[in-house]
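Every number here is computed from the coordinates shown, using simple stated rules; none is lab data. No experiment lies behind these values; they were computed from the predicted model shown. A quick note on method: Cβ atoms are made from the backbone with ideal geometry, for glycine too, and the neighbour counts reach across all protein chains shown.
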Amino acid sequence: MLALQTISPINPAVRAQAPAAPVYCFVPAGGTDGARTQSRNAIRQLSEAMRACLAAEGVARSNLLADFLGEMTSSIACVDLNQSDPGQARETIRSAEAVFVVCAGDPASIEDARAQAAWVQPVLGSTHREEACGLLLLPVSDGLRATEAEETLGLPVCGMLKTDDQIARLARWIVQE
């Protein structure tokens, strides 16, 4: 059974009360403040789509959802490594089923995604799960295509976050995991 949770920052008292369920981390990346905001907004949209999926199931667990920047009350983790305590971020990443770096396809955002992935992958490697890191790509005009982003970053593109339909499909996949 999957519930959703936002961890940023981690509140140990609330975390202790959270249901045992898979944890997924979403790491916003962007070469500029505007690009990073775009990544955060995409994560917010994905969170809202997951909320809708859970509500459509008619299960009370949809009430466990928390806002991307709100308090932690469920088990999908949204972690911004630039704003989290490094120790807390590492702990959350180690417990995650998967970590998704979210970025636009412009060169500056791809470069920041490379830096974020370079920090995340050794943390996952400490648990022998380097392959648990993927990329969610926000397509932009004149940006890298999915195959180019994969080659550049060495991360598989797990989803494109351009249309509401793409976001809804990814949300359904995560919620059903």
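One residue stands out among those in the stretch 118-129 that are assigned to a helix (DSSP H, G or I) and more than 16 Å from the chain's Cα centre (by Cα): the one that is nearest to A29 (Cα to Cα), which is P122. Can we say A115 is within 13 Å of the chain's Cα centre (by Cα) and small (G, A, S)? The answer is no for A115.
Taking the condition of a type in the set (D, E), exposed (fewer than 13 other Cβ atoms within 10 Å of the Cβ), free of Cβ contacts under 8 Å to residues at least 24 places away in the same chain and closer than 22 Å to A89 by Cα, does E151 pass?
Considered against the rule, which asks whether it is of a type in the set (D, E), exposed (fewer than 13 other Cβ atoms within 10 Å of the Cβ), free of Cβ contacts under 8 Å to residues at least 24 places away in the same chain and closer than 22 Å to A89 by Cα, E151 comes out as no.
Considering the stretch 36-48, the residues that are surrounded by fewer than 20 Cβ atoms within 10 Å (Cβ to Cβ) and not acidic (D, E) include one that is farthest from D165 (Cα to Cα), namely T37.
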